[in-house]
Amino acid sequence: MISVFDDYEELYTEINNITEHIALTPEEAFVLLSQNVILEEWVESRNLIFVDGYFVIPSEKTIRIDSNGDLHLTKTAKKNLSLYTLNIVEHKSVEYKNSAKDLVGYAYMYKLESVDKRLIAFHPKFQTDLKDEPSKVYEGFVQYIASFDEDEEKELLRMLGDPDTTLCQCLWHSIQKAGWNQGLDLYDNTLVHENYHGRIKKNQYNNMGRDVLMAICVGLKYRSNIVKKVFEKAGIVLKEYHDPDKTYLRIIEMMPGLSIREFNSILEKAGIRQLGSAQK
């Protein structure tokens, strides 16, 4: 792959130890996406989502849902990464005369690993033709996700659309389903102060702020369509084309199911204030 670089034979012969299809952390994935429009176009045009370290074609064949509603790669996907995931490569970094020029057009970042400086990179020429037609597969996957707990989602949407049901009552419905029985459960999953657990239960916190509400949405692993409905219920306008809301929704759509701490680590990389009342 990197043999296409200028000066490769001279400088890379002794260190040709490329690792293909590496797993990324959520922060690494976000950094790569943010700095390269070509990678962003690949991900968005193919409706890829980030699961277990990879940008993967979403389908029942590649993604399974566990008992908690969390997404994971299937055995089929893990055994066939080249067919179903983007190929992000890693190799030892060596700086040389034309290194900056040779990386034009690449999505890349550096990381330190022990004493080595590693280069993580994406380029279209690394990729094979991913299997399946993106839009049809994605439509099927959306239906698959919705069917996992279809009755629960319908009930939540009904409550959100009912003018006689409060925001707290809607959230409490989901909190009970999630098994957050104590204030510490709320805090562990949202970084929102544990005292708010009782206030939501008693229907006394319908005027919560947007940061607290978004943290609860992330902790409950709501899909983006539910998040929008929740904010509409709260009377808070989501500014989908402006930060921080733009980044919140982008993460939720491309990296569904992240924990609040993983979510916040990405916000930190993006220079956006982290979520949860503990962050204020």
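Quick notes
- Subset of the range 192-243 [out of contact with any helix residue (DSSP H, G or I) (no Cβ under 6 Å at 6 or more places or on another chain) and of a type in the set (Gly, Ala, Ser)]: Gly198, Gly209, Gly235
- Residues located in the range 1-32, provided they are at pLDDT 85 or above and either among the hydrophobic types (A, V, I, L, M, F, W, C) or assigned by TED's automatic domain parsing to the domain that holds Leu267 (or both): Ile22, Ala23, Leu24, Ala29, Phe30
- Top-ranked residue in the range 221-244 [being free of Cβ contacts under 8 Å to residues at least 24 places away in the same chain and part of a helix (DSSP H, G or I); ranked as nearest to Lys154 (Cα to Cα)]: Asn225
- Taking the criterion of being crowded, with 18+ Cβ neighbours inside 10 Å and closer than 22 Å to Arg223 by Cβ, the residues of the range 34-46 that qualify are Val43, Arg46.
The values are calculated or read from the model by the stated rules, or taken from the named source; none is laboratory data. As the structure is a computational prediction, the values presented were derived from the model and not from experiment. All Cβ positions, even for glycine, are placed from backbone atoms using ideal geometry, and neighbour counts span all protein chains on display.
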